[in-house]
Amino acid sequence: MTNQLMSPSNPIDFTYLSDFFNRHRLNHASRLILAALHEKCQRQHGDLPRWQQALNDLPSINQAWLKVTDNAINLTGASQTSTTELREKLMAFKPWRKGPFRFLEIDIDTEWDSLAKWQRILDLDIDFNNKTVLDIGCGNGAFLWPIAEKKAKCVVGIDPMWLFYHQFMVFQRYAKCPSIAFLPLGIEQIPTLALFDTVLSMGVLYHRKSPLDHLLHIKQLLKPNGELILETIVLPDRQNTLLTPKDRYAGMRNVWMIPSVSVLIDWLLKTGFSVIQHSPLCKTTLDEQRQTPWMDFYSLNQFLDKHNDALTVEGHPAPYRVIIHAKID
Ligand SMILES: C[S@@+](CC[C@H](N)C(=O)[O-])C[C@H]1O[C@@H](n2cnc3c(N)ncnc32)[C@H](O)[C@@H]1O
C-alpha cells in the first residue's frame with residue numbers, strides 16, 4: 001500500500017507513516033488511514049503539480065532548526081538564496097492563512113495570528129506532556145509545532161486541503177520533526193478508534209452540519225479519560241441562544257450553527273463530556289485576523305458592518321470565540 005502512494009502520477013511520499021504509526025502505537029489505524037490516503041491520491045487536484053514543484057524549488061538549508069518564539073514559528077539556518085528569490089518561492093504557496101511563520105529572514109505575515117489563540121490555550125495550562133494528540137482541521141499545521149514543543153508523545157494533524165499540507169511541508173521538510181504527522185484527510189476518513197489522549201477541534205464546529213455528531217465522533221477517538229480542547233465561535237450572549245444563519249455568516253458560506261456558551265456546554269454534557277474549564281469570551285479583533293500581502297482575499301475587516309463592528313455585514317453578532325477544555329465522562 002505505501003509503495004503505491006509513491007506512483008509516478010502521485011509523487012507524494014507517505015512511506016514514513018507506517019513507521020510513525022508503529023512508533024506511536026497507532027498501528028490499529030494504519031491500514032485504514034493509508035487506504036484513505038491512497039484513495040485521495042488517486043483523485044486529481046489541478047494545483048498539485050504546481051505545489052509539488054514549488055516544494056522542490058525551495059533551497060537547501062544548512063543547520064535548519066525550527067522553534068516557536070513569541071511572535072512566529074521560526075525556521076532558522078543558512079542558505080545561499082537571496083531574500084527576493086526566497087520571498088517569491090514562498091509566495092507560490094499563497095494564501096497563507098495560519099501562522100505567522102518566519103522562514104530564514106522572510107516574515108510570512110499570515111491572515112491569522114494563530115499564536116494569539118495558542119496563548120489562550122497556554123493560559124488554560126493544559127498538559128500535553130507525553131500525550132498522543134489529534135488536531136482536527138489543523139489548517140497548515142500552525143498548532144502542531146507548539147504542541148510538539150510541549151513534549152507531546154506525538155501529534156497528528158488532519159486537514160483535507162492539499163494547499164495546507166504543502167504549506168506544512170515547507171517547514172517539515174527542513175524541521176523533520178519525528179513526533180508530527182500531517183494527514184491530508186477529513187475527520188470522516190479517520191477510523192473511530194480510541195487512540196488519542198487529547199483531541200483539538202478548533203474553528204471546525206460551526207462548519208459541521210451536525211455539531212453534536214462531531215462531538216460524538218471525537219468522543220469515539222478519545223481514550224478513557226481523554227480530553228477535548230474545543231475552540232469555536234459563540235454568541236456573546238449569556239442566555240440559551242443559538243444562531244442558524246440562513247445564508248452567510250461573516251462572509252462564510254458554510255456556517256451551520258453558532259451557540260451561546262451555555263448551549264455549547266449543554267451540547268458537551270449531552271454527548272458525554274464534562275467541562276473542566278473554559279477561557280473567557282474573546283472578540284476576534286482586526287489584530288488577530290486581517291488581510292496581508294500573504295493573504296490578499298477579503299478578511300474580517302470587510303466582513304464586519306462598516307458602521308457597527310458589533311455586527312457582521314449580514315447583521316449577525318460579530319464573532320466571539322471561546323476555548324472549552326473538557327474530558328469524557
Ligand atoms: C477555520 S479553519 C481552523 C483552522 C485551525 N484549526 C485554527 O483554529 O486556526 C477550519 C479548518 O477545517 C478544515 N476542514 C474542513 N473540512 C474538514 C473536515 N471534513 N475534516 C477536517 N478538517 C476540515 C479546513 O480546511 C480548515 O483548515
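Rule-based calculations on the coordinates, nothing more; no lab input. For clarity, every value in this text was computed on a predicted model and none was experimentally measured. Glycine also receives a Cβ, built like all others from the backbone with ideal geometry; neighbour counts cover every protein chain displayed.
Once the piece of chain linking K223 and R253 is laid out straight, how much longer is it, given 0.36 nm per residue of separation minus the C-alpha distance between them?
7.4 nm
Add +1 for every Lys or Arg and -1 for every Asp or Glu among the other residues with Cβ under 14 Å from the Cβ of T271, and state the total.
In short, +1.
Go ahead and collect, in residue order, the members of the stretch 141-170 whose backbone nitrogen is under 17 Å from a label point 7 Å along the Cα-Cβ direction of L122.
142-152
Stick to the Cα atoms of the stretch 209-268, pair each with every other, and give me the Kirkwood hydrodynamic radius in Å at one decimal.
For the stretch 209-268, inverting the mean 1/r across all distinct Cα pairs yields 12.8 Å.
Mind computing the radius of gyration and Dmax over the alpha-carbon atoms of the stretch 24-121? Å is fine for both.
Here Rg and the maximum Cα pair distance are 16.9, 46 Å.
Would you mind calculating the gained length between N130 and L216 on full extension (0.36 nm times residue separation, minus the Cα-Cα distance), in nm to one decimal?
28.5 nm
Roughly how many nanometres apart are two label points built 7 Å out from the Cα toward the Cβ at N62 and L269?
If labels sit at N62 and L269, their model points lie 6.2 nm apart.
Rounded, prolate or oblate: which fits the stretch 175-329 when a ≥ b ≥ c are the square roots of the eigenvalues of the alpha-carbon gyration tensor, with rounded for a/c under 1.5 and prolate only if a/b beats b/c?
oblate
What share of the DSSP beta bridges in the stretch 22-140 is antiparallel, in percent to the nearest 5?
75
Net charge near T132, counting Lys/Arg +1 and Asp/Glu -1 over other residues with Cβ under 14 Å of its Cβ?
+3
I'd like the FRET efficiency for D296 and S262, computed as 1/(1 + (r/R0)^6) with the beta carbon distance as r and R0 of 45 Å, rounded to 0.05.
Efficiency computed from Cβ-Cβ geometry: 0.75.
For the stretch 88-132, run through the GluC sites (Glu not before Pro) and keep only the ones in DSSP coil with at most 14 other Cβ atoms within 10 Å of their Cβ.
E105
What is the Cα centroid distance between the stretch 212-251 and the stretch 254-292, reported in whole angstrom?
Each part's Cα centre sits 6 Å from the other's.
Hey, quick one: spin label on H45, modelled 7 Å out along Cα-Cβ, who in the stretch 145-187 has an amide N within reach, i.e. under 14 Å?
158-170, 182-187
For the stretch 145-214, which trypsin sites (Lys or Arg not before Pro) are in a loop by DSSP, counting at most 12 other Cβ atoms within 10 Å?
Those satisfying the criteria are K151, K176, K209.
Using all Cα-Cα distances in the chain, what percent lands in each 10 angstrom bin from 0 up to the longest?
Final binned percentages: 5, 25, 34, 26, 9, 1.
What order do you get for C154, C282 when you list them from fewest to most C-beta neighbours inside 10 Å?
So the residues, fewest neighbours to most, are C282, C154.
Using every Cα-Cα pair within the stretch 67-142, state what percent have a distance larger than 17 Å.
Result: 54 percent of Cα pairs exceed 17 Å.
Could you derive backbone 3J(HN,Hα) for the stretch 247-260 from the dihedral phi with the Karplus parameters 6.51, -1.76 and 1.60 (θ = phi - 60°), listing whole Hz in sequence and x where the residue is Gly or Pro?
The phi angles translate into 10, 7, 10, 6, x, 8, 7, 9, 9, 9, 9, 10, x, 6 Hz.
Mind checking which of Y249, Y165, Y16 has the largest fluctuation in a GNM of the chain, springs on alpha carbons under 10 Å?
Y16
Among rounded, prolate and oblate, which fits the stretch 158-254 when a ≥ b ≥ c are the square roots of the eigenvalues of its C-alpha gyration tensor, a/c under 1.5 means rounded, and a/b larger than b/c means prolate?
It comes out oblate by the Cα gyration axes.
Please report the net charge: other residues with Cβ closer than 15 Å to the Cβ of H24, K and R +1, D and E -1.
Local net charge: +3.
Residues with amide H under 5 Å of L134's amide H, sequence separation 5 or more or different chain, H placed in the peptide plane at 1.01 Å from N; which?
V156, T198, V199, L200
Of all beta bridges DSSP finds with both residues in the chain, what is the antiparallel percent, to the nearest 5?
The antiparallel proportion sits near 55 percent.
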